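Data block below; observations after.
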Amino acid sequence: MDNPFIGRDVISILDFSRKDLEQLFRVSREMERFRKSRIDVLRDKIIALAFFEPSTRTRLSFETAAKRLGANVIGFSAAEATSVAKGENLADTIRMLDSYADLIVIRHRFEGAAKFAAEVASNPVINAGDGKQHHPTQAMLDLYTILKLFGRIDGLTYAVVGDLRYGRAATSFIYGLTLFEPRKIFLVSPPLLRARTEVLEHLRRRGVPFEEVDSVESIIEEIDVMYVTRIQRERFPDPMEYEKVRGAYRITLELLEKGKDSLKVLHPLPKVDEIDHRVDSSKYAAYFEQAANGVPVRMALLALILGADLESMGVRL
Ligand code: NCD
């Protein structure tokens, strides 16, 4: 079968079609077999992880994915540890990584940083988060998690809760849903943290049914998936603005018990105080499983982009 991923950059989830994602999810399923072993299809590859912003799951799951595929990993997890601290510009750092490695994964606080890196680099670049804008691989694993839990992404009712203004994971998740046919998306946030105009316009253009609401209580009985996010404190230009919304919402077990029996709560993590810790061990919590799914999905993505010979290992493309 064709591999539409080969050599591609991953800047936005909207760079991909539904068909592309369905193939990615099929290969991710196959990668689950190698979650605790190795499939040495990228033995001669080096993957650069350029994390200019903090990360736990994204960086470590990319690293785990690369290693389970037999690749080597180079990189850094803080700009302070690199020559950027000496004033080196992003273009020079990327040019150098491009000459060392076969693929670059980048996270940066500036919107557009990954796109810029992709223009400078000749090797593929994966956006692991650029400011408030995009986090496409998070959306991939979010959608994969829903597919595993419900057997489908279409026809479900979603609530995306929290900081829709500054949250790139929430934004990419909403964009990702528009590639499918959700029954409805509720955008739930305090008025100050509403989704950005470009996101709302995209929803309208795609004809996806959505509604903006202030709180989750009024819609709890309708939803199948609740995607919760933390308030992105570090992205507020004004600390006073943050004080106005801090602690504005909290998901409790009592609230979830009013919803469907099959309701699932997702969260890109890290969570701070927006989910009552009693939810963690309840049947609603899917966020730890979701984080674990980062490994097979990123394995599939790296293998497909780098054109690994998966078929000879018995993996159908
Ligand atoms: C998210 C991010 O960095 O955008 N984390 C992640 O990658 N899982 C969400 C967040 O920081 O709130």
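Any residue in region 263-286 that's part of a strand (DSSP E or B): show its pairings with residues that are within 12 Å of the ligand (Cβ to nearest atom) and acidic (Asp, Glu) at Cβ separation under 8 Å, as long as the two are six or more apart or on different chains.
If the second residue must be within 12 Å of the ligand (Cβ to nearest atom) and acidic (Asp, Glu), the pairs left are Leu266/Asp142.
Among the numbered criteria (1) within 12 Å of the ligand (Cβ to nearest atom); (2) in contact (Cβ under 8 Å) with a residue 24 or more places away in the chain; (3) in a helix (DSSP H, G or I), which single criterion is violated by Leu60?
Result: Leu60 passes all but (2).
So which pairs qualify, if the first residue must be in region 28-42 and outside the structural domain of Thr145 (by TED's automatic domain parsing) and part of a helix (DSSP H, G or I), the second must be among the β-branched types (Val, Ile, Thr) and buried (at least 19 other Cβ atoms within 10 Å of the Cβ), the Cβ gap must be under 6 Å, and the two must be at least 6 apart or on different chains?
Final answer for the pair search is Ser28/Val297; Glu30/Val315.
Does Leu306 fit the bill of being surrounded by 12 or more Cβ atoms within 10 Å (Cβ to Cβ), out of contact with any Phe, Trp or Tyr (no Cβ under 8 Å at 6 or more places or on another chain), without any contact (Cβ under 8 Å) to a residue 40 or more places away in the chain and among the hydrophobic types (A, V, I, L, M, F, W, C)?
Here the answer is no, as Leu306 does not meet what is asked.
Residues of region 211-229 being open to solvent by 20 Å² or more (accessible area, probe 1.4 Å) and in contact with a Pro (Cβ under 8 Å, 6 or more places away or on another chain), which ones?
Asp214
Would you confirm whether any residue within region 148-160 is touching a Phe, Trp or Tyr at 6+ places or on another chain (Cβ under 8 Å), closer than 30 Å to Phe52 by Cα and either within 16 Å of the ligand (Cβ to nearest atom) or free of Cβ contacts under 8 Å to residues at least 60 places away in the same chain (or both)?
yes
Could you check Asn293 against (1) polar (S, T, N, Q); (2) closer than 30 Å to Ala71 by Cβ; (3) within 16 Å of the ligand (Cβ to nearest atom); (4) open to solvent by 10 Å² or more (accessible area, probe 1.4 Å) and say which number it fails?
(4)
Going through region 73-90 one residue at a time, which ones are closer than 27 Å to Asp44 by Cβ and either in contact with a Lys or Arg (Cβ under 6 Å, 6 or more places away or on another chain) or in contact (Cβ under 8 Å) with a residue 12 or more places away in the chain (or both)?
Val73, Ile74, Gly75, Phe76, Ser77
Mind counting the residues in region 32-78 that are under 19 Å from Leu306 (Cβ atoms), within 20 Å of the chain's Cα centre (by Cα) and among the polar types (S, T, N, Q)?
3
Look through Pro182, Pro209, Pro191, Pro136 and report the one residue that is under 18 Å from Ser17 (Cβ atoms) and away from the ligand (no atom under 16 Å from the Cβ).
None of the other options fit; the residue is Pro182.
Quick one: how many residues across region 91-119 are more than 23 Å from the chain's Cα centre (by Cα) and farther than 24 Å from Ala65 by Cβ?
3
Of the residues in region 215-237, how many are in a loop (DSSP other than H, G, I, E, B) and either under 30 Å from Glu53 (Cβ atoms) or not charged (D, E, K, R) (or both)? Write out each step before concluding.
Kept after step one, since they are in a loop (DSSP other than H, G, I, E, B), are these residues of region 215-237: 215-216, 220-224, 229-232, 236-237.
Restricting the remaining residues to those that are either under 30 Å from Glu53 (Cβ atoms) or not charged (D, E, K, R) (or both) gives 215-216, 220, 223, 229-232, 236-237.
Residues meeting the conditions: 10.
Out of the residues in region 48-81 that are of a type in the set (Lys, Arg) and over 25 Å from Lys271 (Cα atoms), which is least open to solvent (accessible area, probe 1.4 Å)?
For region 48-81, the residue satisfying everything is Arg68.
Under 30 Å from Asp9 (Cβ atoms), part of a loop (DSSP other than H, G, I, E, B), at pLDDT 95 or above and open to solvent by 10 Å² or more (accessible area, probe 1.4 Å): is that true of Val208 in this structure? Don't jump to the end; show me each part of the working.
Details: under 30 Å from Asp9 (Cβ atoms): yes; part of a loop (DSSP other than H, G, I, E, B): yes; at pLDDT 95 or above: yes; open to solvent by 10 Å² or more (accessible area, probe 1.4 Å): yes.
Yes; evaluated as a whole, the condition is true for this residue.
Can you say whether Leu200 is without any contact (Cβ under 8 Å) to a residue 24 or more places away in the chain and open to solvent by less than 30 Å² (accessible area, probe 1.4 Å), as far as the supplied structure shows?
The answer is yes for Leu200.
The values are calculated or read from the model by the stated rules, or taken from the named source; none is laboratory data. Everything numeric in this text was worked out from a predicted model, so none of it was measured. Here Cβ is always computed from backbone atoms with ideal geometry, including for glycine, and neighbour counts include all displayed protein chains. SASA here: full protein model, heavy atoms, side chains in, ligands and nucleic acids out. Shrake-Rupley method; radii C 1.70, N 1.55, O 1.52, S 1.80 Å.
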